[in-house]
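Take a look at the structure set out below.
Just so it is clear, none of the values below were taken in a lab; they were calculated from the coordinates. Only a predicted model underlies this, so the values are computations on that prediction, with no experimental measurement involved. Backbone-built Cβ (ideal geometry, glycine too); neighbour counts: all protein chains shown.
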Amino acid sequence: MLLGLRVGDPHDELLGAWLAKESVRDVYLADTPADAALLLDKAIVGCLADDVAEIRSLGKTLRSWRTEILAHHDTGASNGPTEGLNLCVKKVKRCGHGFKTFEHYRLRVLLHAGGVTWPTRPRPPRLRTRAPHSNA
């Protein structure tokens, strides 16, 4: 992979982006909050010093969200479930080709996400019939 980067990325722009991504990934894999803070601070400094504008922008974003990123190690919270549900809603909307009412859209999303709880209705009474007569 590194050889491919050398040949196809002569100015190390892609390599820098990959290293920035890996340094952010390492923050979330850190064992302790202190290790995570150290790794995040190193990632911020490295991104801010990069020649590529997008990586510098990542450094600014990491710096402004530092507290929230580090809170992951204290709470273990993740927005993954929320993002997954948002993806589900967007897929339903794309497939719906325009719902006429919000209630129909809502029901389709609930059906797709498995969150519909239908009201219980009384069962219809069982019809009783007489047994047929046998003429044997």
Problem - Kirkwood-Stokes translational diffusion coefficient of the range 1-92, alpha-carbon pairs, 37 °C, 0.692 mPa s, µm²/s - result: 222 µm²/s
Exercise for the section: Quickly estimate the mean residue ellipticity at 222 nm for the chain, helices only: each DSSP H run with n ≥ 4 gives -39500 (n - 2.57), and the total goes over all residues, rounded to 500. Expected result: -21000 deg cm²/dmol
Problem - Percentage relative contact order, the chain, counting C-alpha pairs under 8 Å, at least six apart - result: 13 percent
Fill in the blank from the handout: Charge dipole of the chain built from unit charges on the beta carbon (Lys, Arg +1; Asp, Glu -1), centred at mean Cα; most positive-end Cα among Gly84, Leu15, Leu70 is Gly84
Handout entry: the chain - charge dipole about Cα centre, Lys and Arg +1 at Cβ, Asp and Glu -1, debye rounded to 20
Key = 1980 debye
Handout entry: Eligible lysines near Lys91 by straight Cα distance, threshold 27 Å, same-chain separation 8 or greater
Key = Lys100
Practice task
Report the longest stretch of the chain that contains none of the chymotrypsin sites (Phe, Trp or Tyr not before Pro) sitting in a DSSP loop with at most 16 other Cβ atoms within 10 Å.
Solution key: 1-64
Exercise for the section: Averaging sequence separations of C-alpha pairs under 8 Å and six or more residues apart, then dividing by the length of the range 1-73, give the relative contact order as a whole percent. Expected result: 25 percent
Completion exercise
Subtracting the Cα-Cα distance of His11 and Thr75 from 0.36 nm times their residue separation yields 19.1 nm
Problem - Helix runs (DSSP H) in the chain reaching 18 Å along axis by Cα, Kyte-Doolittle at least 0.5 - result: 33-48
